[in-house]
Every structure is written in structure tokens, then in C-alpha cells.
Amino acid sequence: EPTSFEGCVEVSLEGTYTGANSNVMGTYTKAGISDGSPHYTMGSKLLYYVSSTGTWWVGATLGATSGWAYAAGPSTGPTDILADSWKIYSGSAWVSQISEAFSAACNDGKTPSPTPTPCVELDFGGTYTGPNS
């Protein structure tokens, strides 16, 4: 069950991906605990963990297993997930081989925003051939 990520007051999802749903990129602010893990908000978008499926999601409904991006596999936080686990919905399919770099960074509240301390660099290899490519 995720616990070590609770110190992050903000999570930044960053990258150069410009395809459909690239608006998942940005800084999410800790809003509370859900399903035993912190969840974060950025406007109407939520970043949250679903323990029954072991996935982190960016979606509109807290706890739902649907949205614009997700990473499969149990994790202590979105920055601990292996790069090839992240998928973004292209408008017609889930895409994991995005050529642009994608990273998740944690701001523990001690590091001034907007320069959060990087926790893990996620780099999708391959070539994205979907809409807007």
C-alpha cells in the first residue's frame, strides 16, 4: 500500500508530448487521502491511486479506473513507476511508446515551487504515430 509518497505536497507531470490529452501535464496539489494514498488536483483533473487495480490515474472522478493517463502496477507514488508503465489516451487507444520525455516530480513543500525535486525521470521510447503527431 502506498505510503512513502505522502510527503509530496505537489506532483508535477511534465514532458514534451503534444498529442491528445497532453493537458494532463502540469502541477497537481495534494488534496487529501483516498484509498489509503494521497490524491492530487489540478483544476478538474485528479491524480489518484486505485488499490484494487494497483494503478495511478489522471482522471475526472476520484477512484475511477478511467481517465486520460494511467500507470499500471503497485507503486509507492507516481514518481516510482517504471517509465514503460505510463499510458496516455490518444483519443482512440492507450499509447505507451511516446517518444517525448515524460517525468513526474515531487515537491515536498521544502523546495520552492515551481522547481520541485525530481524523484524519477520517465522516458517513453519509440515513436508516437497517433493523432497530432
First in segment 45-56 and without any contact (Cβ under 8 Å) to a residue 40 or more places away in the chain and open to solvent by less than 10 Å² (accessible area, probe 1.4 Å), second anywhere and among the charged types (D, E, K, R) and in a loop (DSSP other than H, G, I, E, B), Cβ under 9 Å, 6 or more apart: Y48/D35; V50/D35
Test: residue in segment 23-32 that is open to solvent by less than 10 Å² (accessible area, probe 1.4 Å) and part of a loop (DSSP other than H, G, I, E, B): no
Contacts under 6 angstrom Cβ, first residue in segment 7-28 being under 17 Å from V95 (Cβ atoms), partner of a type in the set (A, V, I, L, M, F, W, C) and open to solvent by 60 Å² or more (accessible area, probe 1.4 Å), 6 or more apart: N21/W68; V24/W68
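Just a yes or no: is a residue in segment 70-78 touching a helix residue (DSSP H, G or I) at 6+ places or on another chain (Cβ under 9 Å), at pLDDT 80 or above and open to solvent by less than 20 Å² (accessible area, probe 1.4 Å)?
yes
The values are calculated or read from the model by the stated rules, or taken from the named source; none is laboratory data. Quantities reported herein were computed from a predicted structural model and do not represent experimental measurements. Reconstructed Cβ throughout: ideal geometry from the backbone, glycine too, with neighbour counts over all protein chains shown. Protein only, heavy atoms only, side chains kept; ligands, DNA and RNA dropped before computing areas. Shrake-Rupley method; radii C 1.70, N 1.55, O 1.52, S 1.80 Å.
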